[in-house]
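The values are calculated or read from the model by the stated rules, or taken from the named source; none is laboratory data. The structure presented is a predicted model; accordingly, all values stated were derived computationally and were not measured. We place every Cβ from the backbone using ideal geometry, glycine too, and count neighbours over all the protein chains shown.
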């Protein structure tokens, strides 16, 4: 377990207060990091913080500022931000409960593990965890962390709990503006049944370890080829792009039948494959 939690405070339900610690549940996946390079010299491009008419400035001379008018700022010291009084900086008050599937997945942002802070808090923590598990409930509250206040959800997870930060309503785009061009015609029942059969054939338990980051591997292969070619371009023949819409008419019935005939694997655990997402930890 990491030495320092992301948040330490009290989980509150009515008059019950439980000391807890919160730790990030995710870590950075495998990536290939690129830098900007000045091609003529081969040197890496660096960035400096500069002030017009003054030039580069030291980091310790920089403070936060809020622009009230063009070119006029209210300067805020870090200590002043830290001193802002907000109950959710130290207390996560569970003000509402909802069903396990009562929150649209589009609201979920980032997960954290929640554990009791000490042995004294453990009994109350376990009681709350099991009560939520028995009622299949998710707790809702607000928590201030790292310079902002989040709406969060809390639910049981194994021996502990998982907290997920949620997006505010104002952060989400309206789906109707994207979906309004989709027609309302009813689909052919036979086609739907065939699609259902194909989906059933591919159903199985999700196992994140079955997926690997293909993009990272492809970039590493590219880098190896570049090294072997001593910097020459190694762009291969790309597949011919298919047009979107227009005359690209597909016989959906034939495609579904062919898919059902070719996919003979029984329902259950899918074959190991690679995907853009990295392994879950």
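Here are the numbers for the structure shown:
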quantity: Scope the range 133-148; condition farther than 16 Å from residue 23 by Cα and exposed (fewer than 15 other Cβ atoms within 10 Å of the Cβ); matching residues; calculated: 133, 134, 135, 136, 147, 148
quantity: Residue within the range 78-95 that is part of a strand (DSSP E or B), over 27 Å from the mean Cα position of the chain (by Cα), more than 23 Å from residue 21 (Cβ to Cβ) and modelled with pLDDT under 95 present; calculated: no
quantity: Count - residues of the range 6-52 that are part of a loop (DSSP other than H, G, I, E, B) and either at pLDDT 90 or above or more than 21 Å from the chain's Cα centre (by Cα) (or both); calculated: 17
quantity: Residue satisfying all of: in the range 104-132; over 19 Å from residue 22 (Cβ atoms) and within 26 Å of the chain's Cα centre (by Cα); surrounded by the fewest Cβ atoms within 10 Å (Cβ to Cβ) among these; calculated: 105
quantity: Members of the range 245-265 that are farther than 15 Å from residue 192 by Cα, at pLDDT 60 or above and touching a helix residue (DSSP H, G or I) at 6+ places or on another chain (Cβ under 9 Å); calculated: 263
quantity: Restricting the range 198-231 to residues that are modelled with pLDDT of 75 or more, in a loop (DSSP other than H, G, I, E, B) and out of contact with any strand residue (DSSP E or B) (no Cβ under 9 Å at 6 or more places or on another chain), the residue that is farthest from residue 187 (Cα to Cα); calculated: 230
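For (1) within 19 Å of residue 141 (Cβ to Cβ); (2) touching a strand residue (DSSP E or B) at 6+ places or on another chain (Cβ under 6 Å); (3) surrounded by 10 or more Cβ atoms within 10 Å (Cβ to Cβ); (4) outside the structural domain of residue 153 (by TED's automatic domain parsing), each residue gets a yes or a no:
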{"site": "11", "(1), (2), (3), (4)": "yes, yes, yes, no"}
{"site": "41", "(1), (2), (3), (4)": "no, no, no, yes"}
{"site": "49", "(1), (2), (3), (4)": "no, no, yes, yes"}
{"site": "63", "(1), (2), (3), (4)": "no, yes, yes, yes"}
